[in-house]
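Trainee: A single structure is presented below for examination.
The values are calculated or read from the model by the stated rules, or taken from the named source; none is laboratory data. All values reported here derive from a predicted model rather than from experimental measurement. Neighbour counts are summed over all protein chains in view; Cβ atoms, including those assigned to glycine, are modelled from backbone coordinates with ideal geometry. These area figures cover heavy atoms from the full protein model, side chains too; ligands, DNA and RNA do not enter into them. Shrake-Rupley method; radii C 1.70, N 1.55, O 1.52, S 1.80 Å.
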Amino acid sequence: MFLDIKKEVNYLIESCGSTELESLVKETGAYIINDVDLPKSTLGMTVRSDGQTAILVNTSVKGPKKDFIVAHELGHNVLHHGQSATFFRRFSAGLQIPQIEAEANEFALYLLLRCSEIDTKYSFNVFDFVRSYELPDSMARFIKYEKELK
Amino acid sequence: MTVFDRVKELANKQSISIVELEEKLGFGRNSLYSWKKKTPNGDRLTKVADFFGVSTDYLLGRTNDKTALSPKEIEDIGQMADRMISGLDSENDINFYGEPMSDEDTASLKTALLVALEMNKKRSKKQKD
């Protein structure tokens, strides 16, 4: 199935009227649980039951990377409603990432691009961008909207 | 507020009488009225709590949290978590991929999962209330 991820992100931001991550999560009807320990190998988790969607983020993750994980889980919520595989585990073997994880990464990075105000005075490339979220350079391949970074 | 008062209040909300409730639960006539004075036994208390989807603590007046889970709901969530972790539950969303997890990881994941399932349940009860 072909997903227009960019369109989904833009639509979400437009209907929410904000680029604030927390508001965007709320807009999808989900909520974040911040204070429950997850195993080290699991950075984020989405649990759907009783018509509710809980997004859990590993308590050891702080700062910008946490935003990425929330955005990634949000991507699952928007793109893969009703599909399983909603764990975001440690980035491991790059080629082994299933399609829906790749889509959630793409969603997350585009969303964060939209949310952040990048100062265009400085040269800023895709690698700088993923590094600013403490992500490995290999994540840059999920950024398909390099024009936005100009 | 006695246990009976709480039961009465919950029954009123569902527009059923105490007598009807006794019949539905297979209790003897007027047995619930005795709850005005004495504390009911655990088995019967559990039956009433499950019927209304509240916790036994709520019936006993130990908490005012109406969304606290009933004994059956707690049991259901435990079973749901087990099924989700073993990947047999397709109705509720969760799955694994990537590195195999150690037993320790699986245990801590299950704890987190139980918290999330409980919070989801409580939120859904609150919305219905």
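Trainee: Using +1 at the Cβ of each Lys and Arg and -1 at the Cβ of each Asp and Glu in chain B, identify which of B:Leu117, B:Gly78, B:Phe4 lies farthest towards the dipole's positive end.
Mentor: About the Cα centre, the residue reaching furthest to the positive side is B:Phe4.
Trainee: Quick check for you: which residues of region B:26-60 have the amide N under 13 Å from the point 7 Å beyond the Cα of B:Val19 toward its beta carbon?
Mentor: What the label zone holds, given the 13 Å backbone N cut-off, is B:29-31.
Trainee: Taking both sides together, what accessible area is buried at the B/A interface, probe 1.4 Å, expressed in Å² and rounded to the nearest 100?
Mentor: 2500
Trainee: On average, how many beta carbons from a partner chain sit within 10 Å of the beta carbon of a residue in A:23-35?
Mentor: The per-residue average across the peptide is 1.
Trainee: Let me ask something else about it. When you have a sec, figure out the Kirkwood radius of region A:17-82 from all distinct Cα pair distances and drop it here in Å to one decimal?
Mentor: 12.1
Trainee: Put +1 on the Cβ of every Lys and Arg and -1 on every Asp and Glu Cβ in chain B; which of B:Leu59, B:Tyr33, B:Ser108 then has its Cα farthest towards the positive end of the dipole?
Mentor: About the Cα centre, the residue reaching furthest to the positive side is B:Tyr33.
Trainee: Let me ask another. Using the alpha-carbon atoms, what tilt in degrees (0 to 90, nearest 10) does helix B:3-13 show relative to the longest principal axis of chain B?
Mentor: The answer is roughly 80 degrees.
Trainee: Just B:Glu75, B:Glu23, B:Glu104 to compare: in a GNM of chain B, with alpha carbon springs under 10 Å, which one fluctuates most?
Mentor: It is B:Glu104.
Trainee: A further question on this structure: What is the dipole size for chain B, taken about its Cα centre, with +1 at each Lys and Arg Cβ and -1 at each Asp and Glu Cβ, in debye to the nearest 20?
Mentor: The dipole of chain B has a size of about 1080 debye.
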